[in-house]
């Protein structure tokens, strides 16, 4: 690694940490109904939207109604995206005359975008019309991220309110997230990206003469607007198949830096907002620290995996699959960030990562996408881990475990377990199925432990709503489209519903005032403890499967055998 | 019975009984109550079938046989942990039953007395008891006054006064009247008496899971399901890897190995010890002579963060101490001290003794030989409200010394045609105003003066409150004294807050206020007027000397009627929760080492190039002898750790009054880090033994 590599990583962390309280306190103002800068600009629009859809912004509901609204909204989004894909050939804005999408691919894609996963079994430029990309996919990029924010807002209200069953109004949470947070940020970011050279047009694909005299068709389209939200909303669904490795999506080192930063920006800022909303900024910073430490641990291991010498490639760093414009450090940083944050955008092919780096990517997703994680999703996933941690360790102080004054009882533990169990079941059972069935193995391009890692990665990515892939697996088959679609749904709503249930249950409880007998959740001891629980609970579940995939591959590589 | 029995941990009788019970508990209907251990039992059963089937087919696998044996031992050890915890309670219940003889009751039907069996008594029946009678059932004194020996339930041999009306009207079935006669109205149905409750509780017959235990069981079951999945999907992963390594699918993992892995991973340690921890928590409370109506109450005790403490008995010595002699006009202080001392020589009450001590310290008046005095001592009675001594002087004249309340002495002096001076009355009023108790001393018709009895703050109580504060518990002193006196004592004792001139309504209001602020409140009380507050408090401890109403309102009864108990109860509650958390952490942390033992053992052949040693052998960081010994060592360690931790589960982790943070750091270091490291050492040692 060069000094520039180190400087860039340090700069990344510094800028991220600096922006966290700025955006965090802005979001705190937005979601607690205080005056903020965007209110004079867009406040009228908010009112108009409520009048248009006939929603009463003041009326709040209990967790069941909240969940119902959320599910209905997502279901309608799913049906809409599914239908426009099925009939895209008859719809406007299709200059490349792309045919209708197959039904199972359409199901997979709609599920994937509605759930903020953006797993893409298809190649964007050869499958989706501009209409589908803009009206279907980009819109879902916004609303799926806003859904994540809505859930964490409900969870926060559950924690801070007492003796009530009312946890908020889904429609106002959704509207405010989009209007005041996602939209302004995306517009700003898109403009910067266009400035860096990302394309934004409605042109037909352009045939060009290459320097060697060859013939090539360059895909065009409104890329910048989708890329801005794909990064900011931790969606990750590329406009083009090559995602952020494509020069039209990610032209310069500066755009690359900003894209990496954009992935972590909102999830990191949400921790600060969380701290402010629960009444102690320290609580937010404690969560931020846990995320940052886990991120850095993964980054170090991943960089080690890429830069270390090995008998197969000698002392050379592993360049295969990396974008030469950015180099290894940037590719590794991107891969760690995107798998941490459930984003799934990539600027290098994860299939070509060294076994250790590939394992870091898989572990990042296996841990439930809580290392910053998806917008909103990372934080509510983390709250679920906090509940488990508080319950296991909180007993050791000799009181019924409590978090922020709320007693953690059987119901909360049950819901936290359900959330954990759902993702574990989804990953393990389907990986097992795919790795022994002919239709599962049919998609494999690689053999040995690497092939196993590809299958494991696919289901882990789906369950974590990440969406990135070890590209060696051809997943646009009936089997993978449907099973992955199912795993994505389980990984999304199997966590959202328990999280909202916890919010509802916590809201009904009284708040015990803190004293020196209270289990503290804002100091280094707790930070260490939470990291330990995340690693041990996650690690114990997946240790065997990791051993048979990346671990054994790494050991074999050290013996001079690669796949 | 005395609850202070020989219940030492490995009492031989209990031990043998527990060993028997652990086999009886193999009954699936019993096992299913503990999901984690139930899974182990199913695993043991399956492995046994596989071993048997192998034997019949003629290929006996000694490895599988050993796995089966150790799996069964895991179940037995878990059962044993529960059985030994129950055994201690059962032994107590046994002695309770033995002490409860088939009592006869003297039931009153109208004016007639009918002899009947105690078990036939119904609520509302009226019985009469005289000296020597055993009180047949729980009830309330409606007429008369008597001293009662309650050692059967409290272990305290000194008799107590029970009288109609007031706060000392409750009597307990099984206790014995030793003087006078009382009429009792029975207040409980047969089979529902206090002693029946104790028997039920100590036997654990009606033991229900507490809320925290339920939550923990859910966590443990959830983890078990996750591990079940991790193990159940392993053969598929293995099949893929075997194919990729060019090995035949027949080399896939066998069921006994999978079961061994599963049993090692699921939290068997805490699963096996969970109920023992709960039972022993109840047990520790009983050893402190506190009876809780439910396990839930003990847990809530750990959560209490506001304690309402009665001044008298908790903060100050229940009995006031003599601190000064104030003579009447024309009497020297020595005369007064001398008279007060003589009259107190055979007064065994703490007040009486304190007078003797004060007289000795201040004026060097030594104890005199009681027999030589030719004296008749008059003991304090509830009616006379004074005590004293009748003496014959050297000249043969008899005179009477009395000490007691000012009213009692006034009527005593006046009945002797004496005069009760206004000055004395003034002193009495002044002392009372300061919160002290004046004791007037008189000889025949002459008032000698007043003994100043003062509240003495208990030694060490200030430190105790400081400890409680460290644990995050706020103390509030409740007293009937005026604010001035209360403030002085509160400051001296170091309580956080006080409530002066407290009325029952005031107490109730205060509890509600604290609860609305999110606090959990604990209090201890005895009177009928305490009952609403006891019921409102999260932990209400009724004193055994208290009224039936108070005992029913609270969720614990303190047999010793010692108000300081509240603090001990809180500690027992905290210790119970700590033990649970610590062993859960230990159990989960153990899994890391077990993986490092088992995964390399089962995956050793994968991707090997000819020599049978695949790359995953590198994970064998403990350098265990062979794949088989590695798996066996993990299983054996897993079984033995349960038995090794039984003493800890029964005694509870060491409790110290420190802040939550300090307690967490300490327990995390011992049980978290210890839980990570110890199995590496344990498994390695077992492996070395196996391979000897």
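The values are calculated or read from the model by the stated rules, or taken from the named source; none is laboratory data. Being a predicted model, the structure only gives us computed values, none of them experimental. Heads up, the Cβs are rebuilt from the backbone with ideal geometry, glycines too, and the neighbour counts pull from every protein chain shown.
Miscellaneous remarks
- Of the helices (runs of 4 or more DSSP H) lying entirely inside the range A:375-445, those containing at least 1 residues that are more than 17 Å from residue A:541 (Cβ to Cβ), more than 24 Å from the chain's Cα centre (by Cα) and at pLDDT 95 or above span A:410-436.
- Residue selected from the range B:577-599 under the condition facing chain A (nearest Cβ under 8 Å) and over 14 Å from residue A:391 (Cα atoms), by the criterion surrounded by the fewest Cβ atoms within 10 Å (Cβ to Cβ): B:592
- The residue that is surrounded by the fewest Cβ atoms within 10 Å (Cβ to Cβ), counting only those in the range B:517-534 that are within 26 Å of residue B:148 (Cβ to Cβ) and free of Cβ contacts under 8 Å to residues at least 40 places away in the same chain, is B:529.
- Restricting attention to the range A:201-225, the residues that are part of a loop (DSSP other than H, G, I, E, B) and within 22 Å of residue A:238 (Cα to Cα) total 8.
- Matching residues, the range A:194-239, being surrounded by fewer than 24 Cβ atoms within 10 Å (Cβ to Cβ) and closer than 22 Å to residue A:374 by Cβ: A:225
- No other residue among B:315, B:365 is surrounded by 22 or more Cβ atoms within 10 Å (Cβ to Cβ), in contact with a helix residue (DSSP H, G or I) (Cβ under 7 Å, 6 or more places away or on another chain) and at pLDDT below 85 apart from B:315.
- Restricting A:506, A:500 to those that are buried (at least 20 other Cβ atoms within 10 Å of the Cβ), more than 14 Å from chain B (Cβ to nearest Cβ) and over 18 Å from residue A:121 (Cα atoms) reduces the list to A:500.
- Evaluation of residue B:642 against the conditions (1) more than 19 Å from residue B:603 (Cβ to Cβ); (2) surrounded by 17 or more Cβ atoms within 10 Å (Cβ to Cβ); (3) within 14 Å of chain A (Cβ to nearest Cβ) shows that the sole unmet condition is (3).
- If the condition is being under 21 Å from residue A:61 (Cα atoms) and surrounded by 24 or more Cβ atoms within 10 Å (Cβ to Cβ), then the range A:120-144 contributes only A:144.
- Identity of the residue in the range B:236-258, assigned to a helix (DSSP H, G or I) and closer than 14 Å to residue B:601 by Cβ, that ends up farthest from the other protein chains (Cβ to nearest Cβ): B:256
- Among residues of the range A:520-555 being assigned to a loop (DSSP other than H, G, I, E, B) and in contact (Cβ under 8 Å) with a residue 24 or more places away in the chain, the one that is nearest to the other protein chains (Cβ to nearest Cβ) is A:523.
- Scope the range A:498-519; condition in contact (Cβ under 8 Å) with a residue 24 or more places away in the chain, closer than 15 Å to residue A:398 by Cβ and in contact with a strand residue (DSSP E or B) (Cβ under 9 Å, 6 or more places away or on another chain); matching residues: A:512, A:518, A:519
- Options A:475, A:458, A:462: the member that is in a loop (DSSP other than H, G, I, E, B), more than 12 Å from chain B (Cβ to nearest Cβ) and closer than 30 Å to residue B:606 by Cβ: A:475
- Test for residue B:186: is it modelled with pLDDT under 75, in contact with a strand residue (DSSP E or B) (Cβ under 9 Å, 6 or more places away or on another chain) and crowded, with 21+ Cβ neighbours inside 10 Å: no
- Scope the range B:512-528; condition more than 19 Å from the chain's Cα centre (by Cα), at negative phi and within 12 Å of chain A (Cβ to nearest Cβ); matching residues: B:514, B:515, B:516, B:517, B:519
- Taken together, the residues in the range B:648-672 that are part of a helix (DSSP H, G or I), more than 8 Å from chain A (Cβ to nearest Cβ) and either on the phi > 0 side of the Ramachandran plot or in contact (Cβ under 8 Å) with a residue 60 or more places away in the chain (or both) amount to 5.
- The selection criterion, being at the interface with chain B (Cβ under 8 Å from one of its Cβ atoms), over 19 Å from residue A:385 (Cα atoms) and part of a helix (DSSP H, G or I), does not hold for residue A:487.
- Residues considered: B:493, B:537. Of these, the only one that is away from every other protein chain (no Cβ under 14 Å) and within 22 Å of residue B:281 (Cα to Cα) is B:537.
- Condition met for residue A:448 (facing chain B (nearest Cβ under 10 Å), in contact with a helix residue (DSSP H, G or I) (Cβ under 7 Å, 6 or more places away or on another chain) and on the phi > 0 side of the Ramachandran plot): yes
- Hits in the range A:8-49 - residues which are outside any helix (DSSP H, G or I), in contact (Cβ under 8 Å) with a residue 24 or more places away in the chain and more than 26 Å from the chain's Cα centre (by Cα): A:36
- Filter result (facing chain B (nearest Cβ under 9 Å) and touching a residue at least 24 places away in the same chain (Cβ under 8 Å)) within the range A:399-408: A:399, A:401, A:402, A:405, A:407
- Residue selection: residue B:306 satisfies the criterion of being within 14 Å of chain A (Cβ to nearest Cβ) and either over 22 Å from residue B:389 (Cβ atoms) or crowded, with 24+ Cβ neighbours inside 10 Å (or both).
- Applying the criterion of being more than 20 Å from residue B:274 (Cα to Cα) and more than 7 Å from chain A (Cβ to nearest Cβ) to the residues of the range B:218-235, the residue that is surrounded by the most Cβ atoms within 10 Å (Cβ to Cβ) is B:231.
- For the range B:555-569, the criterion of being surrounded by 22 or more Cβ atoms within 10 Å (Cβ to Cβ), modelled with pLDDT of 85 or more and within 14 Å of chain A (Cβ to nearest Cβ) is met by at least one residue.
- Output for the range B:600-623, where each listed residue is within 10 Å of another protein chain (Cβ to nearest Cβ) and either buried (at least 17 other Cβ atoms within 10 Å of the Cβ) or in a loop (DSSP other than H, G, I, E, B) (or both): B:600, B:602, B:603, B:606, B:607, B:609, B:614, B:615, B:616, B:617, B:619
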